Amino acid sequence: MIRYDMHIHTEYCGHAVDMDVASICACADELDLETIAITDHIYSHNGLPVVTAIRAELSRVRHNCRVIVGAEVDVDGDFSDGRLVTDSLDALDYVVAGFHYVPTVGNYPLSPDDCTMTGEQFLEVWRTALLGIVSNPGIHTLAHPGRLVAASVDLDAHFEQVLAILAEAAKVSAKHRVAWEINELTGMRLNGYYQRQWHRIFEPALEAGVKLVYGSDAHSPTAIGRTVFTEMVLANLPSDCLASPDEILAWKKELEP
Ligand SMILES: [Zn+2]
Ligand SMILES: [Zn+2]
């Protein structure tokens, strides 16, 4: 059993019902989790007040588990260099990079029909953005690696190329100590075949020395700590490959001057 959950949203994001901080903490305690990270979306350069509000709520709540206040900061969809929507990350104890939008176009594709680029064109901007994200030492964790590409291109035609780009990104990620997340919600966006293939996303990361961390990406109380897809991915990876929250935070700290 995984005793933590490092990716949880709150109702401040506008699409997570019943996710006030008190309810989140109550759920985490009910599940006997040791550590959770509240990582709500930061959509723009002025998204930090949400973090202040979450901290204020948290200060009024009794909880047994350790609560880390971070955020899932959007990658800026207007660019292909992987920059985040804000560089003001000091208020965050845990920074997750959320790569949700087609670079330069800026839309959120649900299927390849929503992607206005060819597969090759998409992979080119996806690659440069991905390399930019994992070069940013201010980021602790790359959220849901592979989710955007799975929604944007025909994976049957491009999966090997996707894995090759991820292998390239993994080496850069190891250098800048950006962990990769095994994200439970991503499993809901994949068909059964790619659910069973998804561990291959993480193999090049482990080979390069990148740490792996679990996050549910919960937008509802029942999703907190859920690990059905995560366990499926982990079953095909070395048994000790999942890092703890402290290992992720310490790994990054070692990099600081
Ligand atoms: Zn996300
Ligand atoms: Zn998320």
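Every number here is computed from the coordinates shown, using simple stated rules; none is lab data. Small disclaimer: the values here were computed from a predicted structure and weren't measured. Cβ atoms come from the backbone with ideal geometry, glycine included; neighbour counts cover every protein chain shown.
Quick check on the chain: helices-only [θ] at 222 nm, where DSSP H runs of length 4 and up contribute -39,500 (n - 2.57) each and the sum goes over total residues. Nearest 500, please.
-11500 deg cm²/dmol
At 0.36 nm per residue, minus the direct Cα-Cα distance, what do T104 and T116 gain on full extension? Give it in nm, one decimal, please.
Numbers: separation 12, 0.36 × 12 = 4.32 nm, distance 1.10 nm.
Length difference between fully extended and current span is 3.2 nm.
With each label point set 7 Å from Cα along the Cα-Cβ vector, what nm distance links S44 and S239?
Placing both labels 7 Å along Cα→Cβ, they lie 5.1 nm apart.
Sort out for me the Cα centre separation of the range 113-157 from the range 194-257, rounded to whole Å.
Centre-to-centre distance over Cα atoms comes out at 18 Å.
May I ask which residue of Y108, Q197, L84 lies farthest towards the positive end of the charge dipole of the range 4-253, with charges of +1 (Lys, Arg) and -1 (Asp, Glu) on Cβ and the Cα centre as origin?
So the residue furthest toward the plus end is L84.
Give, in whole angstrom and from largest to smallest, the semi-axes √(5λ) of the equivalent ellipsoid of the range 4-253, with λ running over the eigenvalues of the Cα gyration tensor.
Each semi-axis is the square root of five times an eigenvalue, giving 27, 20, 17 Å.
Which of the three applies to the range 107-257, rounded, prolate or oblate, going by the alpha-carbon gyration tensor with a ≥ b ≥ c and a/c under 1.5 meaning rounded?
Cα axes put the range 107-257 in the oblate bin.
I need to check one value: relative contact order of the chain, counting alpha carbon pairs closer than 8 Å and at least 6 residues apart, in percent.
Normalised by residue count, the contact order of the chain is 20 percent.
Using θ = phi - 60° and the Karplus curve 6.51 cos²θ - 1.76 cosθ + 1.60, what whole-Hz ³J(HN,Hα) does each residue of the range 135-146 get, with Gly and Pro shown as x?
Here the 3J(HN,Hα) series is 8, 8, x, x, 9, 7, 9, 7, 5, 5, x, x Hz.
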